Amino acid sequence: MSANTGENQLPLSALGARELVLPYVRAGWRAMGDDVPAWLFFWNACLLLNTSLTNLSPARPDFAPTILFPMGVFVLFTTVRALKSPTVRFPRLALYVPVAMALGLPTLNLLFHTPSPLEVSTLRTVYELSNFLWAALLIRYFWQRQKSLLAFFFGVGLFYGAVLENGGIVLGFFDEQNLGATMVRPFVAPVATMIGWCVVLGMGTHLVWRLREWLPGLKQSALGSAVLVGVFATMLDLQIDPIATLTGCWVWHHSLPPWFHGVPQVNFVAWLCALIPFSWVMFRLQDKLGVADAGRWTPRQLGFGMLAVPYALVIALLAFMTTTAVLEGTTGPSWELLATFASKWLAAVGA
């Protein structure tokens, strides 16, 4: 027997197989489309692993285990979604398929890869321009769902990130002179790395907004939600920064001792001390203004968000100074850099 489709004669068995598979394919495609920021963790992790294995000269297979950090975030998110989301049509597939991909694709990359080293200058350019690709994917995602989130992440978030990125350079912790393709004066940080803050904030915050939807207890804690944003973003950084440091995308001050694949400990401390206060302030602001998770921000509410940025910066600075004092002591390299900057600033103003 056969079925007339209007164009071809297909056996009923083939038609049945197609009708059986299509719902699963559609569900998987819809899941990726609904949570693009989560899948950016997956694809970033895979691409950075491949870079470590094939594009560096010499290759750095010792960087390979760093994929566990961002991939762990992806697996955690997709597992909670599969187990807790009431809209998941095929829970078992929603659980098994992402986990299989998270294990399978990196394993295949480890087993079968061909060295294709790139010049260091090329790798820097790729890193610099890739931030705009990730930003474009997020912009498209938020544009289709809630346009005001573009103003939140690429307005309020960009303001915050620009202060942090340029501040770290001005304070002397690192420089980014090798990333010159997107350098715009009077900034001392390239546009690419400032945009990077919008990307990590958008990715991390989206995941937490979704988790708060499925885990009601999390929604009751602005601090717990903020800690998750900070941890998720830092997990991504734990894979990015060893490669970025090795290729000279940023160069750390010589007084800062290497801690994790050449990256100083203070870098990860700074990420947590920057992201957690910002996220906490914004979650608290959401509650006070009545803004739903992933909901619409009015121009007035976005204005309050901008006004809250200095408040978040003060908390971040205090958290950073306290944490580095505990970890390094007040005579450690971080405080020495802060003291050097303070003395230069006081001399400049004639104090």
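A short reminder: the numbers here are calculations on the coordinates, not readings from a lab. Just so it is clear, the structure is predicted and the values come from calculations on it, not from any experiment. Because the Cβ atoms are built from the backbone with ideal geometry, glycine has one as well, and the counts that use them run over all protein chains shown.
Tabulated data
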item	result
Charge dipole magnitude, Cβ of K and R +1, D and E -1 - the chain, Cα centre, debye nearest 20	1140 debye
Candidate values (1) -0.35, -0.94; (2) -0.40, -1.00; (3) -0.51, -0.86, label of the one derived for log10 I(q)/I(0) by the Debye sum over Cα atoms at q = 0.07, 0.12 Å⁻¹	(1)
Rounded, prolate or oblate (a/c below 1.5 giving rounded, otherwise prolate when a/b exceeds b/c) for segment 162-254 by Cα gyration tensor	prolate
Whole-angstrom gap from segment 215-285 to segment 53-83, using each part's C-alpha centre	16 Å
Environment charge at residue 239 (Cβ cut-off 15 Å; Lys +1, Arg +1, Asp -1, Glu -1)	-2
Set of aspartates and glutamates near residue 84 by C-alpha distance (under 18 Å), chain-local residues within fewer than 8 positions excluded	34, 35, 213, 293
For a label point 7 Å along the Cα-to-beta-carbon line of residue 259, residues of segment 320-334 with backbone N under 14 Å	320-330, 332-334
Most to least packed among 55-65, 222-232 [average Cβ atoms within 10 Å]	222-232, 55-65
Whole-Hz ³J(HN,Hα) from phi, Karplus 6.51 cos²θ - 1.76 cosθ + 1.60, for segment 215-227, glycine and proline x	10, x, x, 5, 5, 7, 10, 5, 5, x, 5, 5, 4
Charge dipole (segment 224-326, unit charges on Cβ, about Cα centre) - positive-most of 294, 268, 229	294
Packing-based order for 128-134, 188-194, 340-346, using average beta carbon neighbours within 10 Å, highest first	188-194, 128-134, 340-346
